[in-house]
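The values are calculated or read from the model by the stated rules, or taken from the named source; none is laboratory data. Here the structure is a predicted model, which is why all the values come from computation and not from measurement. Note that we place each Cβ from the backbone using ideal geometry, even for glycine, and neighbour counts take in every protein chain shown.
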C-alpha cells in the first residue's frame, strides 16, 4: 500500500505548552490506522492540524506526494480530508439535512437551494448506517448517539479520501458499534485511509491495521496491529510495563450513602431500587434509551419521576426534587453530577476554566 498522507516532523505549541514535538505520521490508502495515547498525548491536536483547524508551528504535510497548505477546515475538505471530531460540531438549530450540506448546498437551475435533493442525499447517507431518521428533523431533538451517527454520516457523505474518526464510539452501544465497524471496513476496502482514535483496546485489535502511539506530544512508535499484544500496546502508551490494570477488589464496603427505593420513571415502568456504599462503584447498564438518563436526572431534579423515594446519608428527600433548586440542593449534600453531554450541559464554554471549576 502506498502512502496517501505524510505528516513530517509536525510541532505545535499553545502559549508555553508544547502539544506536539516533531511528530511524523504516514497514512496508507486502504487501511485503518489507529492513533492512541493517554489523555493529553497530542492525538486530537495532530488530527486537527490534518483537518485544517490548527496550523503547525513547523513541519510539512504531503498528500500523494504533493505538499498541502491547510489554512482552514474548508481547505482540508477540498483536499479530500473529512473529520468526525470528538466534540460534536452539528448546529442544533438546523435540520439534519442542513447540517449535512452546510456550506455546499445543492442548488436548482434557478440558483435556489434544492431541498428535495438535499433531503434525498441525506436519507441515503443515513440509510448506509442503518438509520431511518427524518432528514428534516432538528438536530436539537436527537439523542447523543443519534447526533454521533449523523456526524459520521456527514463524514462519509463527503466522499473524502481520508477520514478522521476521533472517539466515534464513545456514545454508541454495542449494536451501533457493529454497524459503524462494518462501514469503516467498507470504506477501507474502497481505498480510503481511515484514522481511528479510541481508548477501547478491543476495537483497535478488531478493526485497525496499524497503530501509532503518542505520549506527551512525542511519537513513541508505529506498529502493525497483528504483530503487537495488548500488554505491549499499553506499555507503549504509559511508558512502562503494567502488572495490574486494576487494583484488587477488597470486598469491604463502608456506610450506606445513597438509597433509591421503588423509583418509577413513568406510570407504567417497573420500580427500581438500589443502594450505594462508601468505597463502592455501582454500574447502571442498559441499551440506549432504556431510562438511564431519566433515572439519573430524577436524582438531581432535572426529571420528575412518577414515584419513588431517595435518601442520602440517611436523610430522606421528597420526590420529585425541585427543577430549579434540585442540583444546588444535591451539591450541598456533596453529590456531584456529570452529564452525558458535557459540552452542552456541563460547561460554560464562554467562561474561563477557573470560573467553570469554581461555579457552585
Being out of contact with any helix residue (DSSP H, G or I) (no Cβ under 8 Å at 6 or more places or on another chain) and modelled with pLDDT under 95 is the requirement here; does residue 29 meet it?
yes
Would the range 306-316 turn up any residue that is under 28 Å from residue 146 (Cα atoms), surrounded by 12 or more Cβ atoms within 10 Å (Cβ to Cβ), at pLDDT 85 or above and more than 29 Å from the chain's Cα centre (by Cα)?
yes
Any chance residue 301 is in the same structural domain as residue 317 (by TED's automatic domain parsing), at pLDDT below 85 and buried (at least 17 other Cβ atoms within 10 Å of the Cβ):
yes
Taking the range 71-80 on its own, how many of its residues are crowded, with 18+ Cβ neighbours inside 10 Å and either at pLDDT 95 or above or out of contact with any strand residue (DSSP E or B) (no Cβ under 7 Å at 6 or more places or on another chain) (or both)?
3
Within the range 202-212, identify whether any single residue is within 30 Å of residue 292 (Cα to Cα) and either under 16 Å from the mean Cα position of the chain (by Cα) or outside the structural domain of residue 45 (by TED's automatic domain parsing) (or both), and answer yes or no.
yes
What about residue 262, is it farther than 30 Å from residue 146 by Cα and modelled with pLDDT of 85 or more?
yes
